[in-house]
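**Q** This is the structure I want to talk about, given as structure tokens.
What follows draws every value from the coordinates through simple rules; no lab data is involved. The structure displayed is predicted, hence computed values, not measured ones. All Cβ positions, even for glycine, are placed from backbone atoms using ideal geometry, and neighbour counts span all protein chains on display.
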Amino acid sequence: MTVVLITGCSSGIGAATAAELVSHGHTVYATARRPETLRDLAGKGCRTLALDVTDEQSMAAAVAQVESDEGAVDALVNNAGYSQSGAVESIPLDNIRKQFETNVFGLIRMSQLVLPGMRKAGHGRIINIGSMGGKLTFPGGGIYHSTKYAVEAISDAMRFEVQGFGVQVVLIEPGLITTEFAETAVGSVNNLDDGPYGKFNEHVGKATAEVYASPVAKLAGGGPESVAKVIRKAIERKRPKARYTVTPSATLAILQRRLTPDKLWDLAMRTQFPVPGKQ
């Protein structure tokens with residue numbers, strides 16, 4: 001079966017994907033910055049490794065370990081990521097750098113590290129976890145959304161660049177997924193200094209918490225298991241799609257944004273978010 005290396009498995013989509021794949025006979029290397037968070041996955045048959053996608057030595061060591069054990073990484077699932085919320089001007093540049101290091105640069109570097117082995121083997125698959133937030137932007141989410149827009153571009157470019165070596169690149173675009181994602185996003189707003197965007201940022205945090213706890217999230221969203229099943233499909237299918245949109249919320253939101261002119265979209269956002277400077 002397929003040898004799969006997954007980043008960000010301490011909870012949420014990463015943990016669900018590792019459990020889903022190992023239960024279907026795949027050899028799964030589940031990783032996280034803190035390997036002690038992976039005990040449950042180890043009990044299910046996953047092999048666990050420490051891997052921090054913001055640390056070069058950690059990334060290289062994890063890939064080298066899998067290649068030493070298995071010969072090559074058959075499939076890489078670039079899942080590690082989180083959301084930094086708040087008005088762009090109000091977010092310290094160090095926080096922005098950290099967001100890109102995790103969501104973008106780590107994804108790129110992990111891909112660079114596994115590709116030589118995949119090219120040598122003549123096959124491989126890279127699964128990038130994007131978001132519906134790579135196709136549309138909500139106020140207060142500019143930094144997070146920009147990382148997911150970047151993942152869209154990287155995936156599209158790499159898909160063409162590596163196909164001749166037998167490597168396929170697939171992008172997964174989840175919508176509202178009930179994980180710890182919302183808690184992290186709200187926490188990132190709460191840690192920002194008060195100022196001209198104070199009330200706006202407070203509203204962004206409150207709105208984020210409410211939407212993920214609402215019946216809408218349960219009806220139009222889904223749990224991490226729904227994403228895990230799609231990732232397994234993307235790994236097991238001989239000819240996977242270039243991208244998979246997961247959950248009705250993602251399909252609807254992406255379609256709405258595609259059909260809505262910018263001015264009308266901005267007007268719609270005014271009904272959901274206070275306008276900074278006019279509070």
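**Q** Between N95 and R239, what is the spin-label point distance in nm, taking each point 7 Å from the Cα along the Cα→C-beta axis?
**A** The two pseudo-label positions are separated by 4.7 nm.
**Q** Could I ask something else about it? Of K44/K148; K135/K241; K98/K148; K98/K120; K44/K229, which ones are farther than 23 Å apart at the Cα?
**A** Result: K44/K148; K98/K120 exceed 23 Å.
**Q** Using a 10 Å cut-off around each Cβ, can you sort R232, R125, R97 from fewest to most neighbouring Cβ atoms?
**A** The order, fewest Cβ neighbours first, is R97, R232, R125.
**Q** Most exposed first by the Cβ proxy, i.e. fewest other Cβ within 10 Å, how do D94, D266 rank? Intermediate values should be presented prior to the final figure.
**A** Values: D94 8, D266 12.
Arranged by neighbour count, lowest to highest, D94, D266 become D94, D266.
**Q** Now, a different point. Helix-only mean residue ellipticity at 222 nm, the chain, DSSP H runs n ≥ 4 weighted -39,500 (n - 2.57), per residue, nearest 500. What is it?
**A** -16000 deg cm²/dmol
**Q** According to the square roots a ≥ b ≥ c of the eigenvalues of the Cα gyration tensor, what is the shape class of segment 1-93, taking rounded for a/c under 1.5, prolate for a/b larger than b/c otherwise, and oblate for the remainder?
**A** prolate
**Q** Determine, for M269, M110, the number of other Cβ atoms within 10 Å of each Cβ, and report the residues in order from fewest to most. Please list the in-between numbers first.
**A** Details: M269 14, M110 26.
If I rank by nearby Cβ atoms, fewest first, I get M269, M110.
**Q** Let me ask something else. Given the options S226, S23, S249, state which has the largest fluctuation in a GNM of the chain using a 10 Å cut-off (strictly under) for Cα springs.
**A** Looking only at S226, S23, S249, the largest GNM fluctuation is found for S23.
**Q** Please work out the C-alpha center-to-center distance from segment 52-67 to segment 236-250 and express it in whole Å.
**A** Measuring centre to centre over Cα atoms gives 27 Å.
**Q** Measure off 7 Å from each Cα along the Cα-to-Cβ vector at F273 and R258, then give the distance between these two points in nanometres to one decimal.
**A** For F273 paired with R258, the spin-label model returns 2.3 nm.
**Q** Evaluate E = 1/(1 + (r/R0)^6) for E56 and M1, where r is the Cβ-Cβ distance and R0 equals 25 Å; express this FRET efficiency to the nearest 0.05.
**A** For E56 and M1, the calculated efficiency is 0.25.
**Q** If amide H atoms are built 1.01 Å from N in the plane of the peptide, which residues on other chains or at least 5 residues away come under 5 Å of the amide H of Q168?
**A** G124, R125, I126
**Q** Given springs between every Cα pair under 10 Å in a Gaussian network model of the chain, which of V167, V151, V211 has the largest fluctuation?
**A** Result: V211 has the largest fluctuation of those listed.
**Q** What nm value, rounded to one decimal, do you get for the distance between D69 and T178 when each label is placed 7 Å out toward the C-beta?
**A** Result for the modelled spin labels: 3.3 nm.
**Q** Can you tell which of L41, L51, L192 shows the greatest fluctuation in a Gaussian network model of the chain with Cα springs below 10 Å?
**A** It is L192.
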